[in-house]
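What follows draws every value from the coordinates through simple rules; no lab data is involved. Being a predicted model, the structure only gives us computed values, none of them experimental. A quick note on method: Cβ atoms are made from the backbone with ideal geometry, for glycine too, and the neighbour counts reach across all protein chains shown.
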Amino acid sequence: MAYDPLALFANGESGAWYDPSDITTLFQDSEGTTPVTEDGQPVGLMLDKSGNGNHTTQSVSSKRPTYRSIDGLQWIEADGIDDFLSTAPVSGIATDADGMSLMMAVRSTGSRAVLVSQYDSSASNRNFSSVSTTQGNEFQFSVQNKTNFNVNVIASSSGNINSDSIFTGLWFRANNRAELTVNGSNSSSTHALSSVGSAMTEDISLFSLNNGGLLSSGRIYGVIIRGQHSSDQEVTDTEEYLTALTVLVFSAQIAVDVTAPTFSVIANNGIQVYYYRSGTQVITYSQNTQIKIRTLNTNQPL
Amino acid sequence: MRITVACPQQLQSDSNQLAMCLALSVADVDTYKDLSWQDADGNLYAVASFPTTDAWIHFAQNPLNRPAWDIDSVIDMDAVARAQNDLVFSDTAIEAVPNKLTACLGDNGLDVLLNMGLFAIPSSEEGI
């Protein structure tokens, strides 16, 4: 049975799940009266699929991200100038008791990596963010207290501009540990983060820190914010789910003449070609690469 | 087609009235909210960028009536007229000036703003 991210919220975990590939969750206006129906339309409301009711909105017309549906993939896109979405105030996601997870499939297209945050600039509260505000094009999963910047738990990953990124940020309060994995590259850090401030109630923002205080351009294919640190299996399942949102998957059978066992494939720009044998990924090619695959054993079909 | 608009500080109030008149609700009074961009002389601007159509551009440059949604007469139509008089459209990025509401076409809004001679002012959240 296909994995359903709703399982991450089955025990009443706080958070949100945003899924632009499910067009029934998208509306052009913030009141939810005009559904999104086609590529290029504004998104004024995106429903939360976690069951927590943390729907994200933008009431100002010019500040609404754009729904894109191209070649079988769907995402929402922000211009980095004024576009963002935010929820109503939500009780603090990163709590001492449960930690938190931020998992998302995104593409950054500007000088600042795609921002997802819950942030309070005025109080000594617990914030989280997906981006370093000092190294804008770098993903950084941080959980911190605003008024004492020495008590951060930060893990960073080099920037991935103009390519799709699978971001997994995990925070564990028990050992003051933050972990960030971007496209399989892992980093972590530890620090004695103060336990105060976990009662923050603030908006969750997409493409923004602090409701437009900082903005980022790019694509969001899917975002899962969970008030619980996730298990290895949950991370694996969710990363596979998120990856599928960024890749057009199709299958094909290629007949090969075993007496002349060669064939070639032209992978046009942006197309990735995968070859699986017995469930194992053998070859991946992309970006204008001409590939030739030849059987090593003519008795064994490709 | 995308349009990017630079609203100078002195035209902010009137421009937000125009934004409401061209858009969908009273919430659009916050279209030009944050003066977070500046030109080389230090003049401040609020900016907006959004997909548009030829029909919308034509609509924005012709006499406007109070929109049907504004049953409470929230919009100051005199301010709308003043903002329209200050509105300049261009098919390419042109220099933003502090006495015009400058609207330029271009697929990448950030590039358009750069070519309009505007620079983002670092936010108070930068560097935390």
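Each residue of segment A:1-136 gets 143 Å³ once the volume of the Cα convex hull is shared out per residue.
From largest to smallest, the equivalent ellipsoid semi-axes obtained for chain B from the alpha-carbon gyration tensor read 24, 17, 13 Å. Rounded to two decimals, what is Rg over Rh for segment B:1-68 when you use alpha-carbon atoms and the Kirkwood radius? Result for segment B:1-68 is an Rg/Rh of 0.98. Against chain B, whose longest principal axis is taken from its Cα atoms, helix B:12-22 shows a tilt of about 50°. The value of relative contact order for segment B:53-120, using C-alpha pairs under 8 Å at least six residues apart, is 22 percent. Under the definition of partner shielding as Cβ atoms of other protein chains within 10 Å of a residue Cβ, what is the mean value for peptide A:105-113? Per-residue shielding by partner chains comes out at 1.
Reported to the nearest whole Å, the Cα centre-to-centre distance from segment B:34-78 to segment A:46-125 is 26.
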